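A quick write-up on the structure given underneath.
The values are calculated or read from the model by the stated rules, or taken from the named source; none is laboratory data. None of these values were measured; they are calculated from a predicted model. In this analysis, Cβ positions are derived from the backbone assuming ideal geometry, glycine residues included, and neighbour counts consider all displayed protein chains.
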Amino acid sequence: MSVGNDGDFAPGARRRRSWTGDEKRRIVEESLQEGASIAEVARRHELNANLLFTWRRKMLVGPSVQNEPMPILPVTIARGLAAEGPCPDAAGQMEIVLSEGDRIIVRADVETAALTRVLKALWRR
């Protein structure tokens, strides 16, 4: 923060804002609405879009409460076996962790073709 010689805050000085959990949740929910623009939602609430992305990631991928650890199952990706479109009654999300530690969060409504393109691009690098 900029402070003038008289101890007052200089004009245009930035101050760190504090957001309650309810405020963050409400803003994240607004950003998840169909057709919502992250940049517009962030601007409307006078916050940085990167901060909004961080809140979204933490709220959507936060640690889940489980009594027992989930088993890790082997997966084989076979060509030509993917469904043509999203399954209408699918729910939830899946997290894919790559060997370098990169994570991909996939929701149930993901388009198969789009996910295939992403995975192929990551496989080539």
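Out of L115, L60, L122, one residue alone is modelled with pLDDT under 80, within 17 Å of the chain's Cα centre (by Cα) and surrounded by 10 or more Cβ atoms within 10 Å (Cβ to Cβ). It is L60. The single condition among (1) at pLDDT below 90; (2) closer than 29 Å to W123 by Cα; (3) surrounded by 10 or more Cβ atoms within 10 Å (Cβ to Cβ) that R17 does not satisfy is (2). Only a single criterion out of (1) modelled with pLDDT under 85; (2) under 27 Å from Q93 (Cβ atoms) is not satisfied by N48, namely (1).
Close contacts from region 97-118, counting a first residue that is over 21 Å from L32 (Cα atoms) and a second that is of a type in the set (K, R), with Cβ to Cβ under 9 Å and a gap of 6+ residues or different chains, come to V97/R103.
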